[in-house]
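Here's the structure, in structure tokens; my notes come after.
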Amino acid sequence: MWALIKHPVFGRLFAAQVVALLGTGLLTVALGLLAFDLAGAAAGAVLGTAYAIKMLAYVGLSPIVGAMVGHLPRRPVLIAADIVRAAVALSLPFITDIWQIYVAIFLLQTASATFTPTFQATIPDVLPDEDDYSRALSLSRLAYDFENLISPALAGLLLLVISYHWLFGGTVIGFLFSALLITGITFPSRKPGKARPFRSRLTRGIRIYLATPRLRGLLALTLTGAAASAFIIVNTVVVVRSGFGGTDGDVAIALACFGGGSMLAALALPGLLKRLSDRPVMLFGASLLTVLMLTQAVITPGWSTFLILWALTGIGYSATLTPQGRLLRRSAHADDRPAAFTAQFALSHACWLITYPLAGQAMTAWGMGPTFGILGILGAIGVALALKLWPEGDPVVIPHTHKDLPPDHPHLKETGRNHAHAFVIDDEHHAWPTNG
């Protein structure tokens, strides 16, 4: 897996991802402190609104931005997004009112909604071998988990010697360094895609996504993953500080257990996916998450058991969501991949838009057990839908018949109306075959 870091293109892309994530981690800490300075005891409400704006930008704007930039060369798109993010981060120390935080977050996340799907859609072109791509997905998962572990610690050390306002400077450096790394990359050449009107580009990714059974199953499993992770992200501090009477250090230990479990699964997945297909691995992860949530709905664990449960949740979360790029890659032509990744980005964050406020409001109103019960039921619904929507077997090559194409259509010239090939939704294939 680590040999991929030496790849001349992927290595630089991975380094750009890591430094941008570290910058984002510092931003998260500094933003919380800024909100407290401006709002005091109401800082939680300010941050809750800011994160809701983040999710709304991801869900509502990513398809629009994707349609606008999806046909453009990827390097300038990625660099421009990083520069916009750096410029917004540079403005944050000068914010004096709460509404300015909301505007800044909206602009920042709009740029991220441009950068992230474009970045994700680039990796399959850089690493055409499926085993290499699986390892790259695991490395990407490790990068996210590493950031969750290292950023709070790094921010804590920096805050010993500098004001939190300077943490925004670290964010600016991270985004600019990411842009600099991308500047030196020569991306694989792409065949120019078919020219399409804006409306078609806007809806194409969603249409491909919702017409593909394995991707509908992915969305259902994403709902399960979002239910479990929302409780971790929103309520870990509440459970540790109020439930166990713990310290800030204990909160870090609990989050480290979740991140460590996720990293452990990410390290194991490339070898596991050589022997098993994506569907059973992802269903196992989602089922594990569901069992863990429903178990904690009826038991109150002690501290040691709680940490084990958090680590197991990290394992289930990584097993559920890390392979998603493989499904997206398999389900679209190269020129449609940016649209497919953008659709996953928007639809997955719609899941978190549901589960984040649900986890927070239910915990405040009813406590840990009922909240886990509600989220566990939501997770079980996700698993049940995935079993129904994503058929077992899921062949890549599918026999099918074209009754809707004229006999002289280029797609039929060599193979005839009845043929089999790797099936994806495209201009010649508008619906998934149901009977061969």
Item to check | Charge-dipole axis of the chain as Lys and Arg at +1 and Asp and Glu at -1 on Cβ define it, positive-most pick from 362, 117, 92 | outcome: 117
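Given charges of +1 on the Cβ of Lys and Arg and -1 on the Cβ of Asp and Glu, with all other atoms neutral, how large is the dipole of region 309-400 about its Cα centre, in debye to the nearest 20?
The calculated dipole for region 309-400 is roughly 80 debye.
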Next on the checklist: Show me the trypsin sites (Lys or Arg not before Pro) within region 216-312 that DSSP assigns to loop and that have at most 13 other Cβ atoms within 10 Å of their Cβ.
Outcome noted: none
Next on the checklist: Taking the alpha-carbon distance from residue 6 and a cut-off under 15 Å, which aspartates and glutamates remain once sequence neighbours fewer than 8 residues away in the same chain are dropped?
Outcome noted: 132
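Explain nothing, just the number: dipole magnitude of region 7-188 about its Cα centre with +1 on each Lys and Arg Cβ and -1 on each Asp and Glu Cβ, in debye rounded to the nearest 20. If you can, show how the numbers build up before the last one.
Details: 7 positive and 10 negative charges, 52 e Å.
So the dipole magnitude of region 7-188 works out to roughly 260 debye.
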Item to check | Listed residues 313, 382, 234: farthest to the positive end of the dipole of the chain (Cβ charges) | outcome: 382
Item to check | Positive-end residue of 277, 407, 55, charge dipole of the chain with Cβ unit charges | outcome: 407
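What are the semi-axes of the equivalent ellipsoid of region 7-188, taken as the square roots of 5 times the eigenvalues of the Cα gyration tensor, listed largest first and rounded to whole Å? Don't skip to the end; give the middle numbers.
Values: eigenvalues 168, 70, 40 Å².
That gives 29, 19, 14 Å for the three semi-axes.
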Checklist outcome for this item: Going residue by residue through region 273-285, the Karplus relation 6.51 cos²θ - 1.76 cosθ + 1.60 with θ = phi - 60° gives ³J(HN,Hα) values, rounded to whole Hz and with x marking Gly or Pro, of 6, 6, 9, 10, 7, 5, 4, x, 5, 5, 5, 4, x
Checklist entry - How large is the dipole of the chain about the Cα centre if only Lys and Arg carry +1 and Asp and Glu carry -1, each at its Cβ, rounded to the nearest 20 debye? => result 800 debye
Checklist entry - In square nanometres, what is one fourth of the surface area of the convex hull spanned by the alpha carbons of region 307-436? => result 10.4 nm²
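Starting from region 371-436, pick out the trypsin sites (Lys or Arg not before Pro) whose DSSP state is loop and whose Cβ has at most 11 other Cβ atoms within 10 Å.
Numbers: sites: 388, 403, 413, 417; in loops: 403, 413, 417.
Those that pass, being in a loop and sparsely packed, are 403, 413.
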Checklist outcome for this item: Reduced to Cα centres, the span from region 207-257 to region 335-403 in Å works out to 13 Å
Checklist outcome for this item: Summing +1 per Lys or Arg and -1 per Asp or Glu among the other residues with Cβ less than 12 Å from residue 137's Cβ gives 0
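What per residue convex hull volume, in Å³, do the alpha-carbon atoms of the chain yield?
Values: hull volume 63.1 nm³, N = 436.
Hull volume normalised by residue count: 145 Å³.
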Checklist outcome for this item: For the residue 392, residue 161 Cβ pair and Förster radius 60 Å, calculated FRET efficiency rounded to 0.05 is 0.60
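Readers should treat all values here as calculations from the given coordinates under stated rules, not as data from a laboratory. Model, not experiment: these values are computed from the prediction. So basically every Cβ, Gly included, is an ideal-geometry build from the backbone, and we count neighbours across all protein chains shown.
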